[in-house]
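Structure, as structure tokens:
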Amino acid sequence: FHGIISREQADEILAGVEGAYILRESQRQPGCYTLALRFGNQTLNYRLFYDGKHFVGEKRFESIHDLVTDGLITLYIETKASEYISKMTTNPIYEHIGYATLLREKVSRRLSRTKNESRKASVTSEENTPVEKISSLVRRAALTQNDNHFNYEKAHNFKVHTFRGPHWCEYCANFMWGLIAQGVRCSDCGLNVHKQCSKYVPNDCQPDLKRIKRVYCCDLTTLVKAHNTPRPMVVDSCIREIEARGLKSEGLYRVSGFTEHIEDVKMAFDRDGDKADISANTYPDINIIAGALKLYFRDLPIPVITYDTYSKFIDAAKISNPDERLEAVHEVLMLLPAAHYETLRYLMIHLKKVTLHEKENFMNAENLGIVFGPTLMRPPEDSTLATLNDMRYQKLIVQILIENEDVLF
């Protein structure tokens, strides 16, 4: 550290010593520090920051020496191989070997199974359809889109990563240079690529179960792709159990189960996945299972009705004409990510069954809308006022989805 000196003085001190560096305090801005580094027969000046670690860009270093070492590596590579680096992404190996080949095999197996699973056993007669505009032609078009939905698209969850020992990019097959943070790794599937290559990788992440630490609080698409299922196994297991022994239970979904027992169910799914025991022998109170299902939806980092579509659903709910409102809801449904759409479809079929036992359980579509509105959709901004203002529209959206499940899905 050389104190408060000018750029010219720093240049004189470093002249002729390639790779040498000093630290100086800025003359113009006292209290601000600069790293002066000699490279390519010139002195380069970088504003230096410290937040527990040293940095001049994105990478953080324990010591100035490591920062300079990594910087010299990067400067050398970018100077000597800039043309090569610019062409790295033009002929990727990604589409031809390794990860992509394995991915195509997984997708084709999944598609053949989930398409058959997802089709409803029968199509309701078009007679007495509440909205004539949503015709059989529209429904067939929707079913065609649904088939495509099951090729669930998921972006990679890339995070900056420090690789120990030599590593090569799995997109372009070139060496990943640098001392630390040489590239990025997908935390869901483990794909390792250059940061610049990550911009070109398709949204085809296949999450690895070894990397998925829990079931609750996990992104919905990530979970279903990791388990290779059309819907989260929590939803399937809980609905199966509720339909087997709880459809006539008074106040189903409105009556709360014991919080401690609901947390036990959550931990069982996190620990055992689809092998979690939620039978009547373990949890005789069906409200515990219903509570665990609602908790799963509340804990999702992105709600079933996503933040991106939230305002569109609210706008659709505000339309006064019932026919136009239903058509608007249908259009927004088509914007949902595939895994979210399929999960919502399956849940609405279930809730429709719940309403068929209204005489015993006292739960109609409106009551279920009150319960599930805030559970399935939350405003993007964490605003209590916005939530309160939108509650009646949240309720109405769920009510519409339940009552018109056979038309909308």
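The values are calculated or read from the model by the stated rules, or taken from the named source; none is laboratory data. As the structure is a computational prediction, the values presented were derived from the model and not from experiment. Note that each Cβ is placed from the backbone with ideal geometry, even for glycine, and that neighbours are counted across all protein chains shown. Heavy atoms of the whole protein, side chains included, go into the accessibility calculation; ligands, DNA and RNA do not. Shrake-Rupley method; radii C 1.70, N 1.55, O 1.52, S 1.80 Å.
Structure values in brief
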read-out	value
For the range 7-87: accessible area per residue (Å², 1.4 Å)	64
Cα-based reach from K248 at 18 Å (exclusive), listing aspartates and glutamates while leaving out same-chain residues under 8 positions away	D285, E358, E360, E366
Accessible surface of the range 348-409 [probe 1.4 Å, protein heavy atoms]: carbon and sulfur percent	54
The chain: most fluctuating residue of F163, F313, F39 per GNM, C-alpha cutoff 10 Å	F39
Value at 222 nm in deg cm²/dmol, rounded to 500, when DSSP H runs of n ≥ 4 in the chain each add -39,500 (n - 2.57)	-15000 deg cm²/dmol
Highest-MSF residue in the chain out of L179, L388, L335 [GNM, Cα springs under 10 Å]	L388
Reachable lysines from K213, criterion Cα separation under 20 angstrom, eight or more residues apart if same chain	K154, K159, K225, K266, K275
Kirkwood hydrodynamic radius over Cα pairs of the range 1-86, then Stokes diffusion coefficient at 4 °C and 1.567 mPa s, in µm²/s	95
Over the chain, relative contact order from alpha-carbon pairs under 8 Å, at least 6 apart, %	12
Selected from R164, R392, R231 as most flexible by GNM, with the chain as the system and alpha-carbon contacts under 10 Å	R164
In the range 215-296, the GluC sites (Glu not before Pro) that fall in loop regions by DSSP, at most 11 other Cβ within 10 Å	E250
Of all accessible heavy-atom area on the range 7-87, the percent that carbon and sulfur account for (1.4 Å)	50
Residue-normalised accessible area of the range 227-407, expressed per residue, 1.4 Å probe, Å²	43
Along principal axes, Cα extents of the range 227-407, largest first, whole Å	48, 35, 32
Mean projected area in nm² (Cα convex hull; one quarter of hull surface) for the chain	26.7
